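See structure below.
The values are calculated or read from the model by the stated rules, or taken from the named source; none is laboratory data. In this text the structure is predicted, and so the values were computed from the model without any measurement. Using ideal geometry, Cβ is built from the backbone for each residue, glycine included, and neighbour counts are taken over all protein chains shown.
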Amino acid sequence: MKKVLIANRGEIACRVIRSCRALGLKTVAVYSEADATSLHVASADEAVAIGPPAAKDSYLVAAKIIAAARSTGADAIHPGYGFLSENEDFATEVLEAGLKWIGPGPRTIADMGDKERARRLAHGAGVPIVPGSNRFGPGALDGLEDAAKSVGFPLLVKASAGGGGIGMKRVDKLEDLRATVESTQTLATKAFGDGAVYLERLVLQPRHIEIQVFGFGDGRAVHVYERECSIQRRFQKVVEESPAPGLPDAVRRAMGDAAVALAQQERYRSAGTIEFIVDPAGNFFFLEMNTRIQVEHPVTEMNTGLDLVGLQIRLERGDDLSAVTQESIKPRGHAIECRLYAENPDKNFMPSPGPLTVFALPPLGADLRLDTGFRQGDKVTFYYDPMIAKLVAHGPDRNAAIARMLGALDAFKVEGITTNLAFLRRVIDHPAFRAGQTHTGFVDLHKADLMKAGA
């Protein structure tokens, strides 16, 4: 491996470029017309234009990305997250083009990308799953009501091919079920090209805790401990931390063991994340597996000293990773990540694109990290996800990490657009967060404290 093309943009493209550079590899960026002057383009050794701003005409066109790799002599592709990162057809095309694919194999992506099939595989590995139904395709709703009664209310209607909170709707009573299923099927068809849905029991006030895994493709796998991801808006994460506060050690060990068992069963290769929900009694259930590097991976990196992206690349390069064992992975202290978005929390977190007239960063160092694809003067467009940056603070314990994060948020200056910066500070400083009383309904429960327009 000599040269890696990053099939992505923004902060994750910049992040992959840093690991490539540390490993002595050249990099190729791809960019749409909207990203011609972006940071990831400036950071790479080479850059190739791949089309108009809309992702469907650029970052989602496999043929353009593979052509860019061929024209620049790149011999490997890293997909980052989002876009084509969990598209088994793209992974197949990359391999058939004679390029290295830095990620799990196409079959694994297909198995875990189908959420209902992933549940069956998890169950087969002995991993607890939330009570749920078989899938229902568009126009094939026979037995729907009986399935719902078996699952129990409240329940979630979930797109089989969904992810990132898209294609997920709550149903509290039987009379609303069919209409919700049909509307979710329509949405899923448009978003994923697959209208199948399934039903899943809704666990009330759960914690969302995930286990980072790394598999070597030969049946060996390790876990890199857990991340608490319960602070969410619109089913999407905004604050993550590791370790999960107050999680009993027995539950932590059982979740890690379950995640490794699934990774081993699937002969998983590369970095991946197995997501769980944990009920108030401490019971945990498989939610889904993401077959890619996660947005929130820096939390784990800060807490273990590992370079997860670097490990992905080294595995595909053929490096000797025999030293990476479960015993070698030692968590230390506490890390918290906040996702800075160009959005308005007081208007249901609607995106707020515009120019970054001021983008003054807090003082960074070993215990404070910022991952971003933007600089002062850049413009956040409406074409892509509105995340601007990820700020990660580390400390010897949770209180120290909270204090460091609050200081960094106070020092972070962003002007020209509306962001969730003040909202993030209120979350981190909230008494319930400080006490570790986090669950996926945190934002709604404390809305009066967190949504202070003009504050």
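Out of T189, T184, I need the residue that is in contact with a Gly (Cβ under 8 Å, 6 or more places away or on another chain), hydroxyl-bearing (S, T, Y), in contact (Cβ under 8 Å) with a residue 12 or more places away in the chain and buried (at least 21 other Cβ atoms within 10 Å of the Cβ). Which one?
Numbers: T189 fails: buried (at least 21 other Cβ atoms within 10 Å of the Cβ).
Matching residue, one of T189, T184: T184.
Scan segment 387-403 for residues that are of a type outside the set (V, I, T) and either closer than 21 Å to R15 by Cα or surrounded by 21 or more Cβ atoms within 10 Å (Cβ to Cβ) (or both) and report the count.
Within segment 387-403, the subset of a type outside the set (V, I, T) is 387, 389-391, 393-401, 403.
Restricting the remaining residues to those that are either closer than 21 Å to R15 by Cα or surrounded by 21 or more Cβ atoms within 10 Å (Cβ to Cβ) (or both) gives 387, 389-391, 393-394, 401.
Number of matching residues: 7.
Given (1) closer than 26 Å to I166 by Cβ; (2) modelled with pLDDT of 95 or more, identify the lone condition not met by L25.
For L25, the exception is condition (1).
Go through segment 106-132 and report how many residues are over 28 Å from G82 (Cβ atoms) and either buried (at least 19 other Cβ atoms within 10 Å of the Cβ) or among the β-branched types (V, I, T) (or both).
The number of residues fulfilling the criteria is 0.
If a residue has to be surrounded by fewer than 17 Cβ atoms within 10 Å (Cβ to Cβ) and more than 18 Å from Y59 (Cβ to Cβ) to count, how many in segment 347-369 make the cut? Please lay out each step first, then the result.
First pass over segment 347-369, keeping only residues surrounded by fewer than 17 Cβ atoms within 10 Å (Cβ to Cβ): 347-348, 350, 353-355, 357-358, 360, 363-366.
Going one step further and asking which of them are more than 18 Å from Y59 (Cβ to Cβ), we end up with 347-348, 350, 354-355, 357-358, 360, 363-366.
Here the count works out to 12.
Any idea which residue in segment 318-343 is nearest to the chain's Cα centre (by Cα), counting only those that are over 30 Å from M1 (Cα atoms) and in a loop (DSSP other than H, G, I, E, B)?
Keep residues of segment 318-343 that are over 30 Å from M1 (Cα atoms), which gives 331-343.
Within this subset, residues satisfying the condition of being in a loop (DSSP other than H, G, I, E, B) are 331-333, 342.
Working: P331: 21, R332: 22, G333: 22, A342: 18 Å.
If we take residues in segment 318-343 being over 30 Å from M1 (Cα atoms) and in a loop (DSSP other than H, G, I, E, B), then A342 is nearest to the chain's Cα centre (by Cα).
Could you tell me whether any residue of segment 60-82 is at pLDDT 95 or above, crowded, with 22+ Cβ neighbours inside 10 Å and farther than 19 Å from V16 by Cβ?
no
If you go through segment 423-435, how many residues are surrounded by 14 or more Cβ atoms within 10 Å (Cβ to Cβ) and either more than 22 Å from the chain's Cα centre (by Cα) or not assigned by TED's automatic domain parsing to the domain that holds P243 (or both)? Talk me through it step by step, then tell me what you get.
Initial filter on segment 423-435 (surrounded by 14 or more Cβ atoms within 10 Å (Cβ to Cβ)): 423-430, 432-433.
Next, from what is left, pick out any that are either more than 22 Å from the chain's Cα centre (by Cα) or not assigned by TED's automatic domain parsing to the domain that holds P243 (or both): 426, 429-430, 432.
Number satisfying all stated conditions: 4.
Conditions tested, residue by residue: (1) more than 19 Å from the chain's Cα centre (by Cα); (2) assigned to a loop (DSSP other than H, G, I, E, B); (3) of a type outside the set (A, V, I, L, M, F, W, C).
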{"site": "V213", "(1), (2), (3)": "no, no, no"}
{"site": "V239", "(1), (2), (3)": "no, no, no"}
{"site": "A250", "(1), (2), (3)": "yes, no, no"}
{"site": "P280", "(1), (2), (3)": "yes, yes, yes"}
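What is the number of the single condition among (1) more than 21 Å from T372 (Cα to Cα); (2) of a type in the set (D, E, K, R); (3) touching a Ser or Thr at 6+ places or on another chain (Cβ under 8 Å) that D75 does not meet?
(3)
Looking at segment 317-324, is at least one residue in contact with a Phe, Trp or Tyr (Cβ under 6 Å, 6 or more places away or on another chain) and either in contact (Cβ under 8 Å) with a residue 60 or more places away in the chain or closer than 30 Å to G217 by Cβ (or both)? Step through it out loud before you land on a result.
Initial filter on segment 317-324 (in contact with a Phe, Trp or Tyr (Cβ under 6 Å, 6 or more places away or on another chain)): none.
Looking through segment 317-324, none of the residues is in contact with a Phe, Trp or Tyr (Cβ under 6 Å, 6 or more places away or on another chain) and either in contact (Cβ under 8 Å) with a residue 60 or more places away in the chain or closer than 30 Å to G217 by Cβ (or both).
In segment 57-110, which residues are part of a helix (DSSP H, G or I), small (G, A, S) and within 22 Å of the chain's Cα centre (by Cα)? Don't jump to the end; show me each part of the working.
Applying the first criterion (part of a helix (DSSP H, G or I)) to segment 57-110 yields 57, 62-72, 88-96, 106-110.
Right, trim to small (G, A, S) and you get 62-63, 67-69, 71, 91, 110.
Matches in segment 57-110: A62, A91, A110.
Report every pair of residues separated by at least 6 positions or lying on different chains whose Cβ atoms are under 6 Å apart, first residue within segment 17-35 and more than 20 Å from F374 (Cβ to Cβ), second modelled with pLDDT of 95 or more and surrounded by fewer than 22 Cβ atoms within 10 Å (Cβ to Cβ).
As it stands, the answer is K26/K3; K26/D45; V28/E46; V28/T72, since those pairs meet every condition given.
Taking the condition surrounded by fewer than 16 Cβ atoms within 10 Å (Cβ to Cβ), out of contact with any strand residue (DSSP E or B) (no Cβ under 8 Å at 6 or more places or on another chain) and within 26 Å of P396 (Cα to Cα), does A323 pass? Before the answer, list the steps.
On the way: surrounded by fewer than 16 Cβ atoms within 10 Å (Cβ to Cβ): yes; out of contact with any strand residue (DSSP E or B) (no Cβ under 8 Å at 6 or more places or on another chain): yes; within 26 Å of P396 (Cα to Cα): yes.
Criteria met by A323.
Need the failing condition index for A244 against (1) assigned to a loop (DSSP other than H, G, I, E, B); (2) modelled with pLDDT under 95; (3) surrounded by 20 or more Cβ atoms within 10 Å (Cβ to Cβ), just the number.
Of everything listed in (1) assigned to a loop (DSSP other than H, G, I, E, B); (2) modelled with pLDDT under 95; (3) surrounded by 20 or more Cβ atoms within 10 Å (Cβ to Cβ), A244 misses just condition (2).
With respect to A125, is the statement that it is within 30 Å of K330 (Cβ to Cβ), in the same structural domain as D444 (by TED's automatic domain parsing), aliphatic (A, V, I, L, M) and in contact (Cβ under 8 Å) with a residue 40 or more places away in the chain true?
No: the conditions fail for A125.
Restricting segment 155-180 to residues that are among the β-branched types (V, I, T) and out of contact with any Pro (no Cβ under 8 Å at 6 or more places or on another chain), which is surrounded by the most Cβ atoms within 10 Å (Cβ to Cβ)? Can you show your working first?
Applying the first criterion (among the β-branched types (V, I, T)) to segment 155-180 yields 157, 166, 171, 180.
Now drop any that are not out of contact with any Pro (no Cβ under 8 Å at 6 or more places or on another chain), which leaves 157, 166, 180.
Working: V157: 26, I166: 15, T180: 17.
Per the stated criteria, the residue is V157.
Which count do you get for residues in segment 344-379 that are touching a Cys at 6+ places or on another chain (Cβ under 9 Å) and not in a loop (DSSP other than H, G, I, E, B)? Break it down into steps so the answer makes sense when it comes.
Initial filter on segment 344-379 (touching a Cys at 6+ places or on another chain (Cβ under 9 Å)): 371-373.
Applying the additional criterion that residues be not in a loop (DSSP other than H, G, I, E, B) yields 371-372.
So the count comes out to 2.
Where residues in segment 168-191 are in contact with a helix residue (DSSP H, G or I) (Cβ under 9 Å, 6 or more places away or on another chain) and part of a helix (DSSP H, G or I), which of them is farthest from I277 (Cα to Cα)? Please lay out each step first, then the result.
Initially, segment 168-191 is screened for residues in contact with a helix residue (DSSP H, G or I) (Cβ under 9 Å, 6 or more places away or on another chain), giving 168-171, 174, 177-178, 181.
Keeping just the survivors that are part of a helix (DSSP H, G or I) gives 174, 177-178, 181.
Numbers: L174: 24, L177: 23, R178: 26, V181: 23 Å.
Looking at the filtered set, the residue picked out is R178.
Pairs please, first residue from segment 88-103 and among the acidic types (D, E), second anywhere and buried (at least 17 other Cβ atoms within 10 Å of the Cβ), Cβ atoms under 7 Å, 6+ apart in sequence or on different chains.
Listed by first residue and then by second, the contacts come to E88/P106; E88/I109; E88/A110; E88/G113; E93/A62; E93/I66.
Return yes or no: is L315 in contact with a helix residue (DSSP H, G or I) (Cβ under 9 Å, 6 or more places away or on another chain) and under 28 Å from A7 (Cα atoms)? Give the steps one after another, and end with the answer.
Working: in contact with a helix residue (DSSP H, G or I) (Cβ under 9 Å, 6 or more places away or on another chain): no; under 28 Å from A7 (Cα atoms): yes.
In short, no.
Just one of the numbered conditions (1) surrounded by fewer than 23 Cβ atoms within 10 Å (Cβ to Cβ); (2) more than 30 Å from E316 (Cα to Cα) is not true of G217; which one?
The one condition G217 does not meet is (2).
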